[in-house]
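Student: The structure follows.
The values are calculated or read from the model by the stated rules, or taken from the named source; none is laboratory data. Note that the structure is predicted; figures quoted are calculated from it, not measured. Quick reminder, even Gly has a Cβ in these numbers, built from the backbone with ideal geometry, and neighbours come from all protein chains shown.
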Amino acid sequence: MSAGTPGGRPSAPLLAVAHGSRDPRSAETVAAVLDRVRSLRPGLDVRAAYLDHVAPGADEALGELASGGAGEAVVLPVLLTAAYHSKVDLPRALAAARGRSPWLRVHYADTLGPHPLLLDAVERRLAEAGADAGPGTALVLASAGSGDPEANATVGALAERLAERGPWREVVAAFASAARPSPGEAVAALLGRGARRVAVATYLLAPGFFADRIRSQSLSAGASVVSEALGDVPELARVVLDRYDSAVAVRRAVVRA
């Protein structure tokens, strides 16, 4: 049974749609994050779906909700930035689902990032890796990278926020693919500008191909420490619920109007 809303209506199920990867650590991480979400919101129907490589796909998961009698659902892109997948792939899948099941009201939540709690998560992972902010240490915020310049600009803005939060010598963004600088290039440039040490924050949801590339390039270029991917940190589960609650609040506002 789904948890109820304050007004007595059942909560809309949450369908969290992740990118998907051939690396099993990715789906394991998503499952762990969603287990934490369930522990924070007992009774909420929380399901996972994937855009690629892992079943079920978003279409299949929405079909299961519709055939199971759901009248509505909140679809949340488990992505750190808004780019092609959240702007094109998922809206296309949602449109197809609405065509097949017009009674299923689908509410589309925002991507996980940007969000202040994600900066807390980055700082948590850096601290666990032994990275300390200080005037002699520079920081690289390394993400997967995107062909969407707005997504890359979002990562750049997060790097600026991190610079404001801690006494780093300098904070720059880097990208494992599709954009420059690469993590290795960013580390080398910071060392060349006089940083005594360079820490690298892996701004990814889960371990996998890109996390391994970030670590390898960064250490080869002289980084002192590279943090783990965000993974199953408490902040991520809280962001998921914040995005879910915001989508539900919009739904209620529309209903009242």
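Student: Those residues that are modelled with pLDDT of 95 or more and part of a helix (DSSP H, G or I), I need them from region 33-60; list them, please.
Tutor: Of everything in region 33-60, those that are modelled with pLDDT of 95 or more and part of a helix (DSSP H, G or I) turn out to be Val33, Leu34, Asp35, Arg36, Val37, Arg38, Ser39, Leu40.
Student: Starting from region 25-51, take each residue that is closer than 22 Å to Asp89 by Cα and list its partners that are modelled with pLDDT of 95 or more and among the charged types (D, E, K, R), counting only C-beta distances under 6 angstrom and pairs at least six apart or across chains.
Tutor: From residues that are closer than 22 Å to Asp89 by Cα, the pairs are Val46/Arg38.
Student: Now, a different point. Which count do you get for residues in region 92-142 that are at pLDDT 95 or above, small (Gly, Ala, Ser) and closer than 17 Å to Pro77 by Cα?
Tutor: Counting residues in region 92-142 that are at pLDDT 95 or above, small (Gly, Ala, Ser) and closer than 17 Å to Pro77 by Cα gives 2.
Student: Do we find that Gly194 is at positive phi and assigned to a loop (DSSP other than H, G, I, E, B) in this structure?
Tutor: So Gly194 passes the test.
Student: Out of curiosity, is Ser216 among the polar types (S, T, N, Q) and either in contact with a Ser or Thr (Cβ under 7 Å, 6 or more places away or on another chain) or surrounded by 22 or more Cβ atoms within 10 Å (Cβ to Cβ) (or both)?
Tutor: Spelling it out, it is not the case that Ser216 is among the polar types (S, T, N, Q) and either in contact with a Ser or Thr (Cβ under 7 Å, 6 or more places away or on another chain) or surrounded by 22 or more Cβ atoms within 10 Å (Cβ to Cβ) (or both).
Student: If you go through region 62-78 one residue at a time, do you hit one that is in contact (Cβ under 8 Å) with a residue 12 or more places away in the chain and over 25 Å from Gly20 (Cα atoms)?
Tutor: Checked against the condition, which is being in contact (Cβ under 8 Å) with a residue 12 or more places away in the chain and over 25 Å from Gly20 (Cα atoms), region 62-78 yields at least one hit.
Student: Among the candidates Ala82, Ala66, which residue alone is among the aliphatic types (A, V, I, L, M), touching a Ser or Thr at 6+ places or on another chain (Cβ under 7 Å), part of a loop (DSSP other than H, G, I, E, B) and at pLDDT below 95?
Tutor: Ala82
Student: Of the residues in region 168-179, how many are modelled with pLDDT of 95 or more, out of contact with any strand residue (DSSP E or B) (no Cβ under 6 Å at 6 or more places or on another chain) and surrounded by fewer than 19 Cβ atoms within 10 Å (Cβ to Cβ)?
Tutor: So the count comes out to 1.
Student: Then there's this: So is Ser143 polar (S, T, N, Q) and in contact (Cβ under 8 Å) with a residue 40 or more places away in the chain or not?
Tutor: The answer is yes for Ser143.
Student: Looking at (1) surrounded by fewer than 22 Cβ atoms within 10 Å (Cβ to Cβ); (2) in contact with a Ser or Thr (Cβ under 7 Å, 6 or more places away or on another chain); (3) of a type in the set (A, V, I, L, M), which is the one condition that is false for Ala55?
Tutor: That leaves (2) as the condition not met.
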